[in-house]
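No value in this document is a laboratory result; all are computed from the given coordinates. Just so we're clear, the structure is a prediction, and the values are computed from it rather than from any experiment. Ideal geometry is used to build each Cβ from the backbone, glycine not excepted, and the neighbour counts take in all protein chains shown.
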Amino acid sequence: MAHRSKKNKRKDEQLLPAVNVVLAPSGDADNMTPEKLRSLFCNPIYAGLGSFPQLIDDETWVRAAARMIREEGEEQFLVNMLYVLRQSFGSSD
């Protein structure tokens, strides 16, 4: 998981929320955890992105993402989405 650092500070000096998801690797359905399940809802790759095939229709992904935003807040969702995208595309951040 990502840690909080100076680059995560906003102008008002509040830290961004910590990542609270774990990327669910392909073929890992038997080892699903709540953290892995939440990563599915904030990862737009499942709706088809770049070379990744669409596994879920846009409407279902958008509705699931909107619900997660309502339940966890916009900043938490966005922090998690950045994390899963970076993990999916192999970024070291």
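The table below lists the values:
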| quantity | calculated |
| --- | --- |
| Neighbour net charge for Gly48 - beta-carbon separation under 10 angstrom, K R +1, D E -1 | -2 |
| Options Tyr46, Met81, Met68, ranked by Cα towards positive dipole end of segment 34-93, top entry (Cβ charges) | Tyr46 |
| Contour excess over end-to-end distance, with Cα ends at Thr33 and Gln14 and 0.36 nm allotted per residue | 3.9 nm |
| Solvent-free Debye scattering, log10 I(q)/I(0), computed from the Cα coordinates of segment 34-93 at q = 0.23 Å⁻¹ | -0.95 |
| Segments 53-65, 77-89 sorted - mean Cβ within 10 Å per residue, highest first | 77-89, 53-65 |
